[in-house]
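The values are calculated or read from the model by the stated rules, or taken from the named source; none is laboratory data. Here the structure is a predicted model, which is why all the values come from computation and not from measurement. Neighbour counts run over all protein chains shown; Cβ positions are idealised from the backbone, glycine included. Note: accessible area is taken over every heavy atom of the protein model, side chains too, but ligands, DNA and RNA are not part of it. Shrake-Rupley method; radii C 1.70, N 1.55, O 1.52, S 1.80 Å.
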Amino acid sequence: MDKREFLKTSGALFASTFLPKLTAAQTTSDNRTNWAGNYTYSTKNLDFANTVEDIKRAIHGHSHLKALGARHSFNGIADSTEDQISLKHFDQIDLNTKAKTVTLGAGVTYGQLAPYIDARGFAVHNLASLPHISVVGACATATHGSGSRNGNLSTAVRAMEIVTANGEVAVFSREKLGDKFPGSVVGLGALGVITRITLDVQPAFQMTQMVYENLSFSQLEHHLDDVFASGYSVSIFTDWQNHRATQVWIKRRVDQGSPTDLHADFYGAKAATHNLHPLAGHSAENCTEQMGISGPWYERLPHFRMNFTPSSGAELQSEYFVPRDKGYAAILAVEQLRDQITPHLFISEFRTIAADDLWISPCYQRPSMAIHFTWKPDWPAVKKILPLIEKILAPFGARPHWAKLFTMSPADLTTRYAKMSDYQELLAQFDPNGKFRNKFINSNIYGAKQTSE
Ligand SMILES: Cc1cc2nc3c(=O)[nH]c(=O)nc-3n(C[C@H](O)[C@H](O)[C@H](O)COP(=O)(O)OP(=O)(O)OC[C@H]3O[C@@H](n4cnc5c(N)ncnc54)[C@H](O)[C@@H]3O)c2cc1C
């Protein structure tokens, strides 16, 4: 390719979500890793495309190819043994105020998108815990924030421009693909190289954030839905000890009449008296503003500040989605494993997500509660715990986050996704020779023997 660069080093240090100062992830031209440093990509080849023609040439020139976003997935979902292609130079943003949509290049991150549309009076409906991920990469894996009425970030997708395996540029939208469009949005990077994506936007809004400490799990038995309905986006953190949540983060929209005053008591939990980090004893300086102070949506929805220069990726993550009405029972089930979990854990978080119609979204046709684990970076230990968690959550039909670490068998995955065979057919239609398939897809979608590792 004439406009090809190779990744020399990604010496830039990225944010740790929970630990401000740990050893940086190792990323060199010889040892190319994901953000967390726990996964080494199988190829040294990384192309940087500047034009759609570059992408077409890469597609024609390789039998296997995978688009790479901001490298924040914890498993091999973005891996390739032959070639990866980055679209970070596709950085254009076009806001259509009349249609209430924004169309952006595949290189744009939420951290770039949010201030741009906010300055023009618009917002997206939700954000993940950190802004450094690309919009396209996030939507390809059903990345989510919290909020019982908020679908995951992929539910905002209206259209995608994509270069498919035969090198043609196609537009995927409900109008063009009809009933198959919901199968293409959470596409796991397996349908082609997305060049541009169009999202719904809405008028910008102001939010407040309140944090409460020490909420007994017993309160969740009867008030789980009330607790999650107490804000536009609510996160419950726990270390699984003492049958309680260590913190509850409540993010409210000011335009929905939410009070910004402090209530000292929230189902027995006490209002924090200063900004807190989810991990006890860590400085909150990198966390978004709390204490009921109002501010723009994109400075309250993530837990961590947009302009926080991240310093480490020394953590692992896993997450499982269960039906929301079984949320409390699922919490009690996982709690039984607390003594195995806690020594290897930084923190756990519960979030809610609305049901959607995206075929292989973990929230497909199911209002969900996600149980998240931020692990210490000890994969051998975590690898032993995950099967225990998956077994104990099996009766709830738990679905793992596609971009995080899991050990569930392909057979179990298939039983959790009613539309899995339709998704396989969709991949065969647009990529009959498996150009965009990798080990992760072959294993988890087509059942070849191996796990997410
Ligand atoms: C610290 C941290 C915090 C996180 N917080 C959350 C959270 O709050 N909620 C949550 O749900 N998840 C969270 N995640 C997971 C994260 O959102 C996903 O891993 C997401 O996919 C990362 O996006 P990325 O841009 O890094 O994409 P990558 O990890 O680089 O790629 C992900 C997938 O997108 C595909 N892809 C990327 N670009 C393209 C393209 N142009 N065309 C086609 N396919 C493409 C890749 O092939 C791959 O399949 C977090 C991860 C980290 C490291």
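Here Lys376 is the anchor, and the aspartates and glutamates within straight C-alpha reach of less than 20 Å, apart from those fewer than 8 places off in the same chain, are Asp239, Glu315, Glu319, Glu335, Asp339, Glu349, Glu390, Glu453. Local charge for Trp35 was computed over the other residues whose Cβ lies under 11 Å away, with Lys and Arg +1 and Asp and Glu -1, and equals 0.
Report the calculated FRET efficiency for Tyr116 and Ala329 (r = Cβ-Cβ distance, R0 = 25 Å), to the nearest 0.05. Intermediate results must be reported in sequence, preceding the final value.
Working: r = 43 Å, r/R0 = 1.70.
That pair, Tyr116 with Ala329, gives E of 0.05.
Under a straight-distance cross-link criterion of Cα-Cα below 20 Å, which aspartates and glutamates are reachable from Lys88, leaving out those fewer than 8 residues away in the same chain? Straight-distance partners of Lys88: Asp2, Glu5, Asp47, Glu53, Asp54, Asp79, Glu161. Computed over protein heavy atoms with a 1.4 Å probe, the accessible surface of the range 90-136 works out to 37 Å² per residue. Taking a ≥ b ≥ c as the square roots of the eigenvalues of the alpha carbon gyration tensor, the range 80-152 is oblate, as a/c is not under 1.5 and a/b does not beat b/c. Taking the charge dipole of the chain about its Cα centre, with +1 at Lys and Arg Cβ atoms and -1 at Asp and Glu Cβ atoms, the residue from His89, Asn166, Ile194 reaching farthest to the positive side is Asn166.
Let a ≥ b ≥ c be the square roots of the eigenvalues of the Cα gyration tensor of the range 325-453; is it rounded (a/c under 1.5), or, if not, prolate (a/b larger than b/c) or oblate?
Values: a/c = 2.34, a/b = 1.48, b/c = 1.58.
It is oblate, given that a/c is not under 1.5 and a/b is not larger than b/c.
Per the helix-only calculation at 222 nm, which mean residue ellipticity applies to the chain, given -39500 (n - 2.57) for every DSSP H run of n ≥ 4 and division by its residues, nearest 500 deg cm²/dmol? Walk me through the numbers before you get to the answer.
On the way: 12 runs with 99 residues, N = 453.
The helix contribution divided over the chain gives -6000 deg cm²/dmol.
Each other residue within a Cβ distance under 12 Å of Ser361 adds +1 if Lys or Arg and -1 if Asp or Glu, for a net charge of +2.
Using a 1.4 Å probe on the protein heavy atoms, what percent of the accessible area of the chain belongs to carbon and sulfur? Can you show the working numbers first?
Values: 8530 of 17140 Å².
It is 50 percent, rounded to a whole number.
Approximating the spin labels as points 7 Å out from Cα along Cα→Cβ, the Glu285-to-Glu82 distance works out to 4.9 nm. Among beta bridges from DSSP that stay inside the range 54-174, the antiparallel ones total about 75%. Treating each Cα of the chain as one equal point scatterer and applying the Debye formula with no solvent, the log10 of I(q)/I(0) at q = 0.10, 0.14 Å⁻¹ comes out as -0.68, -1.43.
Computed over the alpha-carbon pairs of the range 195-251, the distance histogram in 10 Å steps reads 20, 41, 19, 15, 5 percent, short to long. Estimated from the Cβ-Cβ distance and a Förster radius of 30 angstrom, the FRET efficiency linking Asp339 and Ala271 is about 0.50.
When DSSP beta bridges are restricted to pairs lying wholly in the range 234-388, around 95% turn out antiparallel.
Applying a threshold of 31 Å to the alpha-carbon distances of Lys176/Lys251; Lys66/Lys180; Lys251/Lys326; Lys56/Lys383; Lys56/Lys180; Lys270/Lys391 flags Lys176/Lys251; Lys56/Lys383; Lys270/Lys391 as lying beyond it.
If DNA, RNA and ligands are ignored and the probe is 1.4 Å, what is the ranking of Glu175, Glu315 by accessible area, most exposed first?
On the way: Glu175 155, Glu315 0 Å².
Heavy-atom accessible area, descending, gives Glu175, Glu315.
Taking a point 7 Å from the Cα of Asp200 along the Cα-to-Cβ direction, the residues of the range 124-159 with backbone N closer than 14 Å to it are 124-126, 149-159. Once all protein chains are placed together, Phe90 keeps about 30 Å² accessible to a 1.4 angstrom probe.
Ignoring ligands, DNA and RNA, what accessible area per residue does the range 304-405 give at 1.4 Å, in Å²?
Dividing the accessible area of the range 304-405 by its residue count gives 32 Å².
In this calculation the C-beta distance from Lys383 to His89 is compared with R0 = 30 Å, giving a FRET efficiency of 0.25. Each of His89, His274 has its accessible area taken with a 1.4 Å probe; listed largest first, they run His274, His89.
Distance between the pseudo-spin-label points of Asn307 and Lys391 (7 Å out from Cα toward the beta carbon): 5.0 nm. The label point for Lys98 and the one for His263, both projected 7 Å from the Cα toward the Cβ, are 4.5 nm apart.
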